[in-house]
Amino acid sequence: MGIFTKDIKKMDDLFVHTLRDIYYAEKQIEKALPKMVEKASDSSLKQAFEMHLGETKNHVKRVEQVFKIHGVEAKGVDCPAIDGIIEEAEDVAGEVEDKRVLDAALIAAAQAVEHYEMTRYGTLVAWAKQLGRNDCATLLQQNLDEEKAADQKLNKLAESNINRKAA
Ligand SMILES: [Fe+2]
Ligand SMILES: [Fe+2]
């Protein structure tokens, strides 16, 4: 969020900047998820990651629609926060040998990603409404709902067998 901050003067600038932040983040997540599918051992976890990869591709498209409706160019800005979350996840996953422990690490990393997305979309929905852009808010809310559902699914997977078997 640090870059270009001098260009942010109005709420609208802040909205567009944050939209570009989540656009970049979604694209990084789209690249990271196939690696997580590959690393996951538990079949339900693999499936959950695959399903969310499909949803993530739609998130990118919805954010592009929001750019279009709002009349600004669809482009990303570097988001060191998501880069850090993904980098840390890859570091930790690279060090874990036990498959069940690795699954637990992957779930924890994925939940950190979902929570990042949830905070950004929560903010964007609120700002879109404030700016009188209910059309944008509706699209952003759809992404937010899917992030929440993905997070809840990961919670269930973590609480059911995966973490218990890892203990
Ligand atoms: Fe997403
Ligand atoms: Fe997500």
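Of note:
- The stretch between Gln142 and Asn58 holds 29.2 nm of extra length on full extension. This uses 0.36 nm per residue minus the Cα-Cα distance.
- Based on Cα contacts under 8 Å between residues 6+ apart, the chain shows a relative contact order of 29 percent.
- Once the C-beta distance of Asp13 and Asn155 is scaled by a Förster radius of 25 Å, the resulting FRET efficiency is 0.10 to the nearest 0.05.
- Accessible surface, 1.4 Å probe, highest first, among residues Leu144, Leu14: Leu14, Leu144
- Summing Cβ point charges (Lys, Arg +1; Asp, Glu -1) relative to the Cα centre of the chain gives a dipole of roughly 500 debye.
- Cα gyration tensor shape for region 10-93, rounded if a/c is under 1.5, else prolate or oblate: oblate
- Helix axis angle, 43-70 relative to the chain longest principal axis, alpha carbon, degrees: 10
- D (Stokes-Einstein, µm²/s), Kirkwood Cα radius, the chain, 0.890 mPa s at 25 °C: 149
- Rounded accessible area per residue of the chain, 1.4 Å, Å²: 52
- Local net charge near Glu73, Cβ-Cβ under 11 Å (Lys/Arg +1, Asp/Glu -1): +2
- Acute angle (nearest 10 degrees) that the helix 11-39 long axis makes with the longest principal axis of the chain, alpha-carbon atoms: 20
- Percent carbon-and-sulfur accessible area, region 1-115, ignoring ligands, DNA and RNA, probe 1.4 Å: 52
- Förster radius 25 Å - calculated FRET efficiency between Val101 and Gln47, Cβ distance, rounded to 0.05: 0.80
- For Lys35, a cut-off of 26 angstrom between C-alpha atoms picks up these lysines, skipping any fewer than 8 places away in its own chain: Lys27, Lys46, Lys57, Lys61, Lys75, Lys99, Lys148, Lys153, Lys156, Lys165.
- Computed from Cα atoms, the angle from the helix 80-95 axis to the main principal axis of the chain rounds to 10 degrees.
- Computed helical MRE - 222 nm, the chain, DSSP H runs ≥ 4 contributing -39500 (n - 2.57), nearest 500: -28000 deg cm²/dmol
The values are calculated or read from the model by the stated rules, or taken from the named source; none is laboratory data. Given the structure is predicted, the values throughout are model-derived calculations rather than measurements. Ideal geometry is used to build each Cβ from the backbone, glycine not excepted, and the neighbour counts take in all protein chains shown. These area figures cover heavy atoms from the full protein model, side chains too; ligands, DNA and RNA do not enter into them. Shrake-Rupley method; radii C 1.70, N 1.55, O 1.52, S 1.80 Å.
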